[in-house]
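The values are calculated or read from the model by the stated rules, or taken from the named source; none is laboratory data. Everything quoted here is computed from the prediction, not taken from an experiment. Here Cβ is always computed from backbone atoms with ideal geometry, including for glycine, and neighbour counts include all displayed protein chains.
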Amino acid sequence: MSATTMPDNAETQARLLSEALPFMQKYENKTVVVKYGGHAMGDTDLGQAFARDIALLKQSGVNPIVVHGGGPQIGRMLSQMGIESRFEGGLRVTDAETVRIVEMVLAGSINKEIVAMINAEGEWAIGLCGKDGNMVFAEKAKKTVLDAESNIERVLDLGFVGEPVEVDRTLLDLLARSEMIPVIAPVAPGRDGATYNINADTFAGAIAGALEASRLLFLTDVPGVLDKNKELIKELTVADAKALIRDGTISGGMIPKVETCIEALERGVEGVVILNGKTRHAVLLELLTEHGAGTLLVP
Ligand SMILES: Nc1ncnc2c1ncn2[C@@H]1O[C@H](COP(=O)(O)OP(=O)(O)O)[C@@H](O)[C@H]1O
Ligand SMILES: CC(=O)N[C@@H](CCC(=O)OP(=O)(O)O)C(=O)O
């Protein structure tokens, strides 16, 4: 390194540190729920950067909780088994055989991959799903969609798709006081004895709401919510979000994400952001810099 580049570098580092430290203090002992979407996964280098961010948050005194998805990975497994994926209103229609595969992929392979990546960063991650410690109970989802032609609301039968109806924070409170970082798969039992497949965004929202989290971050594969011209909307009000769902600008997997953001705001989660998980260190950039990234949902 030459003598001229050294001071510049040091100055940049000092500026970054002086910017980050107040944010680190702000989040000390606070809960940050990070939803790690299936579309943001898959690249080893990005995965390691994500795991490092989570490890660093824990080391800085923050209480990070990871809720992960795995929609594309479930889709690939189903197609290998000759089962076609079908979605309605952004949710996977889930019959009895599909829910078994969903649980295997989410709570089995993906969950353990994320745990291993965080542990490789020197931390103690623990893989869980809603069944562990009676953490989450679900009921069959009662999702409705508006029929565009008749303008009448239609109830969807999505099979074993659930909505979280009870969240018991006992286990998560215990883990927050420990060295452990919970990594949670969005599968939960019903009081009826069935296993339910829950959209990971919805699940993350329920966890964030029950824990009164300071931040709920959704890591996906787009920069945030995009408008009709595919431009990033940096700040989105609840009213505008609802209008964009109605007119179809927000569609597919972005619907449960935005609906969850709205519910999380209503439950008192302070900051709800949708951002690009394909940006290296997206979590640290969002939490520890002035500018943040992605779409911030505001009341
Ligand atoms: N208005 C919109 N802005 C951004 N993405 C949108 C919008 N409407 C639909 N989408 C889709 O939502 C996807 C993100 O949701 P999803 O596929 O469920 O991702 P994840 O696996 O991260 O949860 C984007 O890749 C994009 O195709
Ligand atoms: C009911 C429902 O749709 N469940 C989702 C659960 C996984 C998920 O949500 O994964 P992403 O976050 O990667 O989309 C599914 O079966 O695909």
### Query
Can you tell me which residues in the range 49-75 are assigned to a helix (DSSP H, G or I), more than 13 Å from ligand 2 (Cβ to nearest atom) and aliphatic (A, V, I, L, M)?
Ala49, Ala51, Ile54, Ala55, Leu56, Leu57
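Could you list, in sequence order, all residues of the range 24-43 that are assigned to a helix (DSSP H, G or I) and either over 25 Å from Thr260 (Cβ atoms) or modelled with pLDDT of 90 or more (or both)?
The answer is Met24, Gln25, Gly38, His39, Ala40.
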### Query
Is at least one residue of the range 120-127 over 17 Å from the mean Cα position of the chain (by Cα), more than 15 Å from ligand 2 (Cβ to nearest atom), free of Cβ contacts under 8 Å to residues at least 24 places away in the same chain and not in a helix (DSSP H, G or I)?
no
## Note on the structure
Listed by first then second residue, the pairs whose first member lies in the range 227-255 and is closer than 18 Å to Thr202 by Cβ, whose partner is within 16 Å of ligand 2 (Cβ to nearest atom) and in a helix (DSSP H, G or I), with beta carbons under 7 Å and at least 6 positions apart or on separate chains, are Ala241/Val258; Ile245/Ile255; Ile245/Val258; Ile250/Val258; Gly253/Gly71
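When you look at Val298, is it away from ligand 2 (no atom under 16 Å from the Cβ), farther than 21 Å from Gly90 by Cβ, of a type outside the set (Phe, Trp, Tyr) and in contact (Cβ under 8 Å) with a residue 24 or more places away in the chain, yes or no? Show your work before the answer.
Values: away from ligand 2 (no atom under 16 Å from the Cβ): yes; farther than 21 Å from Gly90 by Cβ: yes; of a type outside the set (Phe, Trp, Tyr): yes; in contact (Cβ under 8 Å) with a residue 24 or more places away in the chain: yes.
Criteria met by Val298.
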### Message
Return the residues of the range 50-66 that are buried (at least 23 other Cβ atoms within 10 Å of the Cβ) and touching a Gly at 6+ places or on another chain (Cβ under 9 Å); say none if nothing qualifies.
### Response
Phe50
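Does Val115 satisfy the criteria of being among the aliphatic types (A, V, I, L, M), within 13 Å of ligand 2 (Cβ to nearest atom) and assigned to a helix (DSSP H, G or I)? Quick ask: steps written out before the conclusion?
Details: among the aliphatic types (A, V, I, L, M): yes; within 13 Å of ligand 2 (Cβ to nearest atom): no; assigned to a helix (DSSP H, G or I): yes.
In short, no.
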### Task
Kindly indicate whether Val161 is touching a Ser or Thr at 6+ places or on another chain (Cβ under 6 Å), at negative phi and either within 16 Å of ligand 1 (Cβ to nearest atom) or not β-branched (Val, Ile, Thr) (or both).
yes
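Say we look at the range 15-40 and pick out the residues that are among the charged types (D, E, K, R) and touching a Gly at 6+ places or on another chain (Cβ under 8 Å); which of these is farthest from ligand 2 (Cβ to nearest atom)?
Here is the first cut: in the range 15-40, the residues among the charged types (D, E, K, R) are 15, 19, 26, 28, 30, 35.
Pick out the ones that are also touching a Gly at 6+ places or on another chain (Cβ under 8 Å) and you get 28, 35.
On the way: Glu28: 29, Lys35: 7 Å.
Restricting to residues being among the charged types (D, E, K, R) and touching a Gly at 6+ places or on another chain (Cβ under 8 Å), the top hit is Glu28.
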### Message
Only one of Leu46, Leu21, Leu78 is surrounded by fewer than 22 Cβ atoms within 10 Å (Cβ to Cβ), in contact with a helix residue (DSSP H, G or I) (Cβ under 8 Å, 6 or more places away or on another chain), assigned to a helix (DSSP H, G or I) and without any contact (Cβ under 8 Å) to a residue 60 or more places away in the chain. Can you tell me which?
### Response
Leu78
